[in-house]
Amino acid sequence: MQLNAGRITTHVLDTSIGVPAAGVRIELYTVKRLGNDEERISKVKESLTNPDGRLDAPLLPEGELEEGEYELRFHVDQYFAQAQAETTHVLWTVVPIRFAVKDTGSHYHIPLLIAPGGYSTYRGS
């Protein structure tokens with residue numbers, strides 16, 4: 001594996017109440033295309049967001065990022081179950097976000113903005 005300066009980070013904000021989303025379980029996977037619409041998905045790491053909605057360490061630190069496809073899975077159902085007892089129905093259970101890494105020297109910051117009825121993401125800095 002070639003060493004590089006790239007890394008993967010994230011944070012989660014609950015836009016329905018305007019606060020960081022603490023305690024969201026996040027999983028990072030690699031996705032390998034095998035052909036014939038088949039793929040192999042391998043779990044790389046799992047972490048929980050801290051009180052600031054961020055992780056205490058990058059999901060992939062410097063030196064471990066490789067070119068390819070990755071998927072983040074945000075387990076928001078567990079967050080909403082404990083954070084908003086008054087919410088009667090939350091549509092989302094797990095929010096998957098797939099993205100492609102082309103530059104292994106870059107910082108890939110993939111935030112998630114969540115609410116019981118919607119979510120959005122963008123490439124942060």
- Would you work out the charge dipole size for the chain about its Cα centre, treating the Cβ of every Lys and Arg as +1 and the Cβ of every Asp and Glu as -1, and quote it to the nearest 20 debye? 60
- Note on the structure: With a Förster distance of 22 angstrom and the Cβ-Cβ distance between residue 19 and residue 100, calculated FRET efficiency to the nearest 0.05 equals 0.10
- Message: Order 24-36, 63-75 from most to least packed using the mean count of other Cβ atoms within 10 Å.
- Response: 63-75, 24-36
- Candidate aspartates and glutamates - alpha carbon under 12 Å from residue 102, same-chain residues fewer than 8 apart omitted: 66, 67, 69
- Using alpha-carbon pairs under 8 Å, 6+ residues apart, how would you state the relative contact order of the chain in percent? 33
- Is any residue of the stretch 43-64 close enough, with backbone N under 13 Å, to a label point placed 7 angstrom from the Cα of residue 109 along the Cα-Cβ axis, and if so, which? 54-55, 58
- Query: Counting each DSSP H run of 4 or more residues in the chain as -39500 (n - 2.57), what helix-only mean residue ellipticity at 222 nm follows after dividing by all residues, to the nearest 500 deg cm²/dmol?
  - Reply: -1500 deg cm²/dmol
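Every number in this text was worked out from the coordinates using simple rules, so none of it is lab data. Just so we're clear, the structure is a prediction, and the values are computed from it rather than from any experiment. So basically every Cβ, Gly included, is an ideal-geometry build from the backbone, and we count neighbours across all protein chains shown.
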